[in-house]
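Undergrad: Take this structure, written in structure tokens, and hold onto it; I'll ask about it next.
The values are calculated or read from the model by the stated rules, or taken from the named source; none is laboratory data. On a predicted model such as this, the values are computed, not experimentally measured, just so you know. Glycine gets a Cβ as well: all are built from the backbone with ideal geometry, and neighbour counts include every protein chain shown.
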Amino acid sequence: MNQFSLYCAPTFFIDSDHEKIIAFSSLHAGSSDNPVKKAVNIFYAVRDQIRYDPYEIPKDKEGFKASRVLTHGKGFCVSKAVLLAACLRAQSIPARLGFADVKNHLTTPKLRAKMGTDLFEWHGYTDIFLGDKWVKATPTFNLSLCRNFGVLPLEFDGQKDSVFHPFDAKGQRHMEYVEDHGHFADLPWGGIMAAYRASYPRFFESDRIAGDFHAEAKELRNLKSS
């Protein structure tokens, strides 16, 4: 099996053969046979139709499956990256998962207090093979959330890496990459969860925190502008 077969095949988490994944990806890929156009269309569908929710870290392996994320209509950076990879593979576009530790200044006091830091370990993105090269795409923040925070949405043209902008709409830094963990054919669930539990023990307490991150973002923006 060559590397492109590996990155096109369904896995436990990247279940690109699931009927819901096939239907969603086919609907949004468009009529063009151009893989770049298909990938761009799918990126925007995942970015904006799946609500970003940092409180939505599943408790079990099943919750990380692409088909489950699609069904729920929301997820955090890792689960949205998994979904994007699955939708691309369903269209025979090679895709893999990438991870990096990032310093995220785009957060809320409630989430920061529960995590105890603004360093987000194993932040997920999707690596896509387009035009004879691998291109990074980050579908994490949906457009409505970006508007609530007052930041520029992350765009993707299928030709250049699309990772989080280092600055927001006002020129203020909101995210920086600290350390890259490489790429994977499937989600390294055990390693990621071990890292999360070690770094964010308060987040995984029995009375796990819940919240409306979109409403928190809007409230924070209003406070800053008042």
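Undergrad: Of the residues ALA86, ALA39, ALA100, only one is among the hydrophobic types (A, V, I, L, M, F, W, C), in contact with an Asp or Glu (Cβ under 7 Å, 6 or more places away or on another chain) and assigned to a helix (DSSP H, G or I); which?
TA: Answer to the check: ALA86.
Undergrad: If a residue has to be touching a Lys or Arg at 6+ places or on another chain (Cβ under 7 Å) and surrounded by 13 or more Cβ atoms within 10 Å (Cβ to Cβ) to count, how many in region 25-36 make the cut?
TA: 2
Undergrad: Mind counting the residues in region 97-113 that are more than 14 Å from GLU216 (Cα to Cα) and in contact with a helix residue (DSSP H, G or I) (Cβ under 7 Å, 6 or more places away or on another chain)?
TA: The total comes to 1.
Undergrad: With the requirement that a residue be closer than 30 Å to ALA90 by Cβ, over 17 Å from the mean Cα position of the chain (by Cα) and buried (at least 20 other Cβ atoms within 10 Å of the Cβ), what does region 104-150 give you?
TA: LEU130
Undergrad: Can you name the number of the only condition in (1) modelled with pLDDT under 95; (2) not in a loop (DSSP other than H, G, I, E, B) that SER31 fails?
TA: That leaves (2) as the condition not met.
Undergrad: Within region 4-19, how many residues are farther than 19 Å from VAL78 by Cβ and either in a helix (DSSP H, G or I) or touching a strand residue (DSSP E or B) at 6+ places or on another chain (Cβ under 7 Å) (or both)?
TA: Selection size over region 4-19: 4.
Undergrad: Which one of the conditions (1) assigned to a loop (DSSP other than H, G, I, E, B); (2) among the β-branched types (Val, Ile, Thr); (3) in contact with an Asp or Glu (Cβ under 8 Å, 6 or more places away or on another chain) does THR117 fail to meet, given that it meets all the rest?
TA: THR117 satisfies every listed condition except (3).
Undergrad: Could we say that THR126 is part of a helix (DSSP H, G or I), under 22 Å from ILE21 (Cα atoms) and either modelled with pLDDT of 95 or more or aromatic (Phe, Trp, Tyr) (or both) here?
TA: no
Undergrad: What are the residue pairs meeting all of these: first residue in region 8-24, first residue of a type in the set (Phe, Trp, Tyr), second residue surrounded by fewer than 19 Cβ atoms within 10 Å (Cβ to Cβ) and part of a loop (DSSP other than H, G, I, E, B), Cβ atoms under 9 Å, and 6 or more apart or on different chains?
TA: Going by the 9 Å Cβ cut-off, the qualifying pairs are PHE12/ASP186; PHE13/ASP186.
Undergrad: Of the conditions (1) free of Cβ contacts under 8 Å to residues at least 24 places away in the same chain; (2) charged (D, E, K, R); (3) touching a strand residue (DSSP E or B) at 6+ places or on another chain (Cβ under 9 Å); (4) not in a loop (DSSP other than H, G, I, E, B), GLU56 clears all except one; give me its number.
TA: (4)
Undergrad: In addition: So GLU62 passes all but one of these: (1) of a type in the set (Asp, Glu); (2) closer than 14 Å to ARG89 by Cα; (3) loosely packed, with under 14 Cβ neighbours inside 10 Å. Which condition number does it fail?
TA: All conditions pass for GLU62, except number (2).
Undergrad: Here's another thing I want to ask about it. Among ILE42, ILE50, ILE22, which is surrounded by 15 or more Cβ atoms within 10 Å (Cβ to Cβ), more than 18 Å from the chain's Cα centre (by Cα), over 22 Å from GLY182 (Cβ atoms) and modelled with pLDDT of 95 or more?
TA: Answer to the selection: ILE22.
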